[in-house]
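Here's the structure we're looking at; comments come further down.
The values are calculated or read from the model by the stated rules, or taken from the named source; none is laboratory data. For clarity, every value in this text was computed on a predicted model and none was experimentally measured. When we count neighbours, we look across all protein chains shown, and the Cβ atoms used for this are built from the backbone with ideal geometry, even at glycine. Each accessible area value is taken on the protein alone, full model and side chains, heavy atoms only, with ligands, DNA and RNA left out. Shrake-Rupley method; radii C 1.70, N 1.55, O 1.52, S 1.80 Å.
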Amino acid sequence: MKIALVEDNVEYSDLLYQRLINQCLDIHLEIFNNGESFLVSNANFDFIILDIELPGLDGIEISKRIENTNTFIIFLTSLEDRVFEAFGKNILGYLLKSENFDTNIEKLKKLFEKAKDVPKINVRTPFCSLDIQSNKIVKICKEKRKTFIYTLTDKIQIYDYSLEKLYTRGEGLFIYPNQSSLINAEHIVSFDNYEVLLCQGIKETISRSYLVSFKKEYLKRKTK
């Protein structure tokens, strides 16, 4: 497992490195003290632990320049509000520097395992029973009393599943932006107080009554 740690705080990066090594994880970790040196390296990594508040190019800007879609990004931040500025289908999660250090190490280990284990959701379509990888689902919605799953490549009509049941089966993956839709937090590109933009250019309205819970649920899924 090849990991890049992009962090300008040398003391923090050294401590994180030692703690990960002490966990006896099978990792190769490279440390970069600024975003520019990381980008110049042009190296491929399985995971990038990326500080948002970097001098010069910040972590959000750097994440937009990472072309390898197989690389997972884990953001570090001191400011919880900045979590809402960073989106992308390859963003695995967030660590808050204000958290206990040992807590963050445990979160990292869970995020590494999460990337390995992709669950599937079984649904019934008009033609057959189908297993869909949950990370391929962009959104699920009601349209004219019918339920559809939008994946990265298809729109699939499904039967016998309420949104509430699919929400539960998603095991923390989905968020309600309104009463008629579920969206996959991993595929959020951006959102404001009225609308969420998902990958593939898919959009969904955020109802005013759901806005506060939507932001809380998004933060919880990205920092757990």
Excluding Gln23 itself, calculate the net charge of residues whose Cβ lies under 15 Å from the Cβ of Gln23, where each Lys or Arg counts +1 and each Asp or Glu counts -1.
-> 0
In nanometres, the difference between 0.36 nm per residue of separation and the alpha-carbon distance of His28 and Thr103 is 24.9 nm
Could you go through the stretch 128-137 in sequence order and give the Karplus-derived ³J(HN,Hα) for each residue, using 6.51 cos²θ - 1.76 cosθ + 1.60 with θ = phi - 60°, rounded to whole Hz, and x for Gly and Pro?
-> 6, 8, 9, 9, 10, 4, 4, 6, 8, 7
Taking only protein heavy atoms into account and a 1.4 Å probe, give the accessible area per residue of the stretch 1-51 in Å².
-> 51
Over the stretch 67-214, what is the relative contact order in whole percent, taking alpha-carbon pairs under 8 Å and six or more residues apart?
-> 18
Measuring with a 1.4 Å probe in the full set of protein chains, what accessible area per residue, in whole Å², belongs to the stretch 99-198?
-> 54
Of the accessible area of the stretch 1-73, computed with a 1.4 Å probe and all protein chains kept, carbon and sulfur make up a percent value of 45
For a quick protection proxy, order the peptides 152-159, 137-144 by their average other-Cβ count within 10 Å, most packed first.
-> 137-144, 152-159
Mind listing the Cα extents of the stretch 88-134 along all three principal axes, in Å, largest one first?
-> 50, 19, 13
Using the reciprocal of the averaged 1/r over all distinct C-alpha pairs, how large is the Kirkwood radius of the stretch 157-224 in Å?
-> 12.3
log₁₀ I(q)/I(0) of the chain at q = 0.18 Å⁻¹, via Debye over equal Cα point scatterers, no solvent, to two decimals?
-> -1.30
When the accessible area of the stretch 170-224 is computed with all protein chains present and a 1.4 Å probe, what percentage of it is carbon and sulfur?
-> 49
